[in-house]
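S.K.: Provided herewith is a single structure, encoded as structure tokens, for subsequent inquiry.
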Amino acid sequence: MGWKLSLLGSRRRCSFCGRSEAEVSRLVEGPTVRICVECLEACNEVIRKERKELLVRKQKEEEK
Ligand SMILES: [Zn+2]
């Protein structure tokens, strides 16, 4: 029954930062990956910035 013990030993972790479920405020589970709220917010920030830059670029092009 060694496998059961190792299964219990491997805690659920964020696939991005590697922190365990206990270390993050919330862990969102996908079919193959898990991501914590902290990483999700970091991703959102990146997407938001890129969208903003894209919007600014678009507006500049329209001004021409
Ligand atoms: Zn994370």
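Computed from the coordinates by the stated procedures, all read-outs in this text should not be read as laboratory data. Please read all numbers here as calculations on a predicted model, not as lab measurements. Note that each Cβ is placed from the backbone with ideal geometry, even for glycine, and that neighbours are counted across all protein chains shown.
S.K.: State which residue pairs qualify: first residue near the ligand (Cβ under 6 Å from one of its atoms) and inside segment 34-46, second residue assigned to a strand (DSSP E or B) and basic (Lys, Arg) in any location, beta carbons under 9 Å apart, and separation of 6 or more residues or different chains.
M.R.: Cys36/Arg13
S.K.: Name the residues in segment 22-34 that are in a loop (DSSP other than H, G, I, E, B) and exposed (fewer than 15 other Cβ atoms within 10 Å of the Cβ), would you?
M.R.: Hits for segment 22-34 are Ala22, Glu23, Ser25, Arg26, Gly30, Pro31, Thr32, Val33.
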